[in-house]
C-alpha cells in the first residue's frame, strides 16, 4: 500500500508568531503521542508561512486522522484558526506515493 502525505499550508499573523509557535508546539506533542508521523515546516523564502505534514503508512491511517483526534487536539486546531492563521485561509494537499 502506498504512503500518503497530507499537507496543510497557511500564513500566520506575524504579530502573533510567539503565541502560534507555543500553540503549534503543544499540538505537535499531542499528535505525536498518538504515533502519527507529523511535522511542521516554515518556508525559508516566506517567513510566517507554515506547512503541517502528516505522513500516513496507508489509506486506513489517512482515513482515520480526523476520527482519532483527541478533544485537546481539536481545541488546539481551532485556536490556530481563531487566533493565528491569516484570514482563516488554508490550503490542503494530499499526495500518494508511487
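Numbers below:
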| item | result |
| --- | --- |
| Projected label distance in nm at residue 37 and residue 60, using a 7 Å step from Cα toward the beta-carbon | 1.7 nm |
| Pairwise label distance in nanometres, residue 28 with residue 87, each label 7 Å out on the Cα-Cβ vector | 2.7 nm |
| The stretch 4-96: radius of gyration and largest Cα-Cα distance (Dmax), Å | 13.0, 39 |
| Most mobile listed residue (82, 67, 37) in the chain, GNM with C-alpha springs under 10 Å | 67 |
| Helical contribution to [θ] at 222 nm, DSSP H n ≥ 4, -39,500 (n - 2.57), averaged over the chain, rounded to 500 | -9500 deg cm²/dmol |
| Gain upon complete extension [residue 18, residue 71; 0.36 nm per residue less C-alpha separation] | 16.8 nm |
| Normalised contact order of the chain, rounded percent, pairs of Cα under 8 Å and 6 or more residues apart | 51 percent |
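FYI, it's all coordinate maths here, none of it is from the lab. All values derive from a computational prediction rather than experimental measurement. Note that we place each Cβ from the backbone using ideal geometry, even for glycine, and neighbour counts take in every protein chain shown.
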